[in-house]
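Notes follow once the structure below has been shown.
The values are calculated or read from the model by the stated rules, or taken from the named source; none is laboratory data. These numbers were taken from a predicted model, which means no experiment stands behind them. Backbone-built Cβ (ideal geometry, glycine too); neighbour counts: all protein chains shown.
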Amino acid sequence: MPYAKGQSGNPKGRPKQTAEQKSQKEQFKRLLKSSTVEALQSIIQIANDRYNKDRFNACKYIIDKAYGANTAFLLDGTEETTPIVIEVVPYGKHSEDEEWEQEWNNAPDDDLEED
């Protein structure tokens, strides 16, 4: 049944929350805010772990929150800009990174087809 022009599909609006529902909502918000630092530390830890399958998502989340989700698409093209390169390097792991890169470069190429 179509509504008349200018008539709301929900004339009574959203139902009012009870005092208990409001209290639970506020308690939930306080709980979320109190665990923000630990959650961010966990995301950073995942971003720094090169063997974690969720590393890309963690890095993307951090960048999106720091610079905005669509910053690359907001450039208008009138300014000449250089790309921003962000490298996630765990603190104090530089020598391990070089060893890992050498191992990666010396690994056989699995994508080659065998004859």
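Remarks
- Set 70, 57, 10, 48: member being exposed (fewer than 10 other Cβ atoms within 10 Å of the Cβ) and either among the acidic types (Asp, Glu) or within 22 Å of residue 84 (Cα to Cα) (or both): 70
- Taking the criterion of being among the aliphatic types (A, V, I, L, M) and without any contact (Cβ under 8 Å) to a residue 40 or more places away in the chain, the residues of region 1-52 that qualify are 1, 4, 19, 31, 32, 37, 39, 40, 43, 44, 46.
- Any hit, region 29-49, residues being in a loop (DSSP other than H, G, I, E, B) and acidic (Asp, Glu): yes
- Condition met for residue 66 (at pLDDT 85 or above, in a helix (DSSP H, G or I), of a type in the set (Gly, Ala, Ser) and out of contact with any Cys (no Cβ under 9 Å at 6 or more places or on another chain)): no
- Filtering region 39-73 to residues that are touching a Pro at 6+ places or on another chain (Cβ under 9 Å) and acidic (Asp, Glu) leaves only 49.
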